[in-house]
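I have placed the structure first, in the form of structure tokens, so that the comments after it can refer back to it.
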Amino acid sequence: MTSERGSAPIELALVVGFLLIPMALLTLSFGPWLERRAMANAAAAEAARLLVVAEPVGSGEEAARSAIIDMAANAGVPTDDVSFVFCPSAGDSCGEISRGEMVTVTVDVEVPAISTPFGPIGGLTLRASHSEPVDLYRSLP
């Protein structure tokens, strides 16, 4: 008959090492995911609104770009981790915007898959998109 004396500390070390630490790391990773998702949604909405209300029409791309970059910087997201596209159906630029047209902004943000005290592990890309209509009764030049 073998003795089970001293097996509790080994089991405790295994449970902590293989269950609790990975679960804690995954739980702590939800914060950056949610924070960057909220930032991407807000940046897409703000940039789309700036494009729609710009005077003259179609001149708001620089304001929209700086709004996205500023929101990323305020959230502590490096600018290398953020990319965006205005009006994806028309390429990178909206060009001529007409009444009733939908202006779409898509913002992609890189997020670490798992955040650890030693640095991120892996990465994911979160995408947020927002569309705003140009007012039908807006005066255009």
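The values are calculated or read from the model by the stated rules, or taken from the named source; none is laboratory data. These numbers were taken from a predicted model, which means no experiment stands behind them. Neighbour counts run over all protein chains shown; Cβ positions are idealised from the backbone, glycine included.
Brief remarks on what is shown
- Candidates in the stretch 2-41 are the residues that are modelled with pLDDT of 80 or more and surrounded by fewer than 10 Cβ atoms within 10 Å (Cβ to Cβ); of these, the one that is nearest to the chain's Cα centre (by Cα) is 27.
- All helices (runs of 4 or more DSSP H) inside the stretch 5-79 with 1 or more residues being closer than 16 Å to residue 109 by Cβ: 21-53, 61-74
- Residue, modelled with the lowest pLDDT, within the stretch 104-118, restricted to residues that are closer than 25 Å to residue 53 by Cα and either in a loop (DSSP other than H, G, I, E, B) or out of contact with any Leu (no Cβ under 8 Å at 6 or more places or on another chain) (or both): 104
- Taken over the stretch 80-97, the residue count meeting the criterion of being in a helix (DSSP H, G or I) and modelled with pLDDT of 75 or more is 2.
- Residue, surrounded by the fewest Cβ atoms within 10 Å (Cβ to Cβ), within the stretch 100-135, restricted to residues that are farther than 21 Å from residue 70 by Cα and among the acidic types (Asp, Glu): 135
- Flag if residue 44 is at pLDDT 85 or above, crowded, with 18+ Cβ neighbours inside 10 Å and of a type outside the set (Asp, Glu): yes
- Whenever a residue of the stretch 58-74 is on the phi < 0 side of the Ramachandran plot, its partners that are assigned to a helix (DSSP H, G or I) and polar (S, T, N, Q), lying with C-beta atoms within less than 9 angstrom and at least six residues away or across chains, give the pairs 69/79; 72/79; 73/79.
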